[in-house]
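Presented below is the structure to which this report refers.
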Amino acid sequence: MAVSVPILAVVTSLHLLAFVFAFGAERRRSTAVPVPDQYDEKTFCRYGTDASTVYGMSAFALLLVSQAVVNGVTKCLCCGKGLVTGTSYTVWAIVFFVVSWVSFLGAEACLLAGSAKNAYHTKSKGVFQGKELSCAVLPVGVFAAGAAFTLLSLIATILYYLAHSKADTGGWEKHHNDGIGMTTPSDAPKQQNNDFDKV
C-alpha cells in the first residue's frame, strides 16, 4: 500500500485541531466563586463560562474521527491481507500501533472526564459568613494532559501509517518479484539455439 498524502493531511489536520481545542479548553476552564444570595443569608456558587466543555468535546470528536480514518485505511492492523514478516517495518508498525492506541485512549479519557467535570456545578448552598462553601471546579492540567496525549497520538499515528505502508508495499513487491518468469533475457538466445540444433 502506497503512502497517501491526502490521508496524512486529513489525519494531521484533525489531530492539530483537536490539540488546539484541548489547549483552548484548558485556558477556558470554568471558575466559580461563592457569593451571597440576595434573598436569604446563604451563599451559592457562581460559575463562569462553560466554553471549556464545548472545546473538550470538540477535541474528543475530532480525535475519534482521525483515529477511525487511520485504522479504516490500515484495516486496524489485525484485518486485511497482513504485513510481510521478518522486516523492521513490520516491527515498527506494531510498536507505533500500540503507542497510537494508548495515547489515543489517554487523550480521549482526559478530554471526556475534563468535559464532564467542567460541566458539573455545585447546586448546594452554604451559610453566609459561616463555613465557606466549596465550589466544585475542574483541577488544573486535565485538558493539558489531553492535549499532550493528542500530540503523542499524532506522532505515533503518522509513524504507524508510514511503517504500515512500507511493510505492506514491501510484501507486495516481494510477491510480485517472485512471480517473474523462470527464464532471463540472457538465457533466451541459448534456448533458441538449442531448438535450432535439434531441427
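The values are calculated or read from the model by the stated rules, or taken from the named source; none is laboratory data. Just so it is clear, the structure is predicted and the values come from calculations on it, not from any experiment. Cβ coordinates were reconstructed from backbone atoms using ideal geometry, including for glycine residues, and neighbour counts include every protein chain displayed. Just so you know, the surface numbers come from the protein's heavy atoms only, side chains and all, with ligands and any DNA or RNA stripped out. Shrake-Rupley method; radii C 1.70, N 1.55, O 1.52, S 1.80 Å.
The table below lists the values:
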{"quantity": "Ranked packing of 63-69, 27-33, most packed first, by mean Cβ within 10 Å", "calculated": "63-69, 27-33"}
{"quantity": "Residue-count net charge about Thr49 - beta-carbon cut-off 14 Å; Lys, Arg +1, Asp, Glu -1", "calculated": "+2"}
{"quantity": "Nearest-0.05 FRET efficiency for Lys42 and Ser4, computed from C-beta distance (R0 45 Å)", "calculated": "0.15"}
{"quantity": "Cα-projected label distance for Val91 with Val33, points at 7 Å along beta-carbon direction, nm", "calculated": "5.9 nm"}
{"quantity": "FRET efficiency for Ala116 and Val65, using Cβ-Cβ distance with R0 set to 22 Å, rounded to 0.05", "calculated": "0.60"}
{"quantity": "Residue-normalised accessible area of region 1-72, given per residue in Å² at a 1.4 Å probe", "calculated": "54 Å²"}
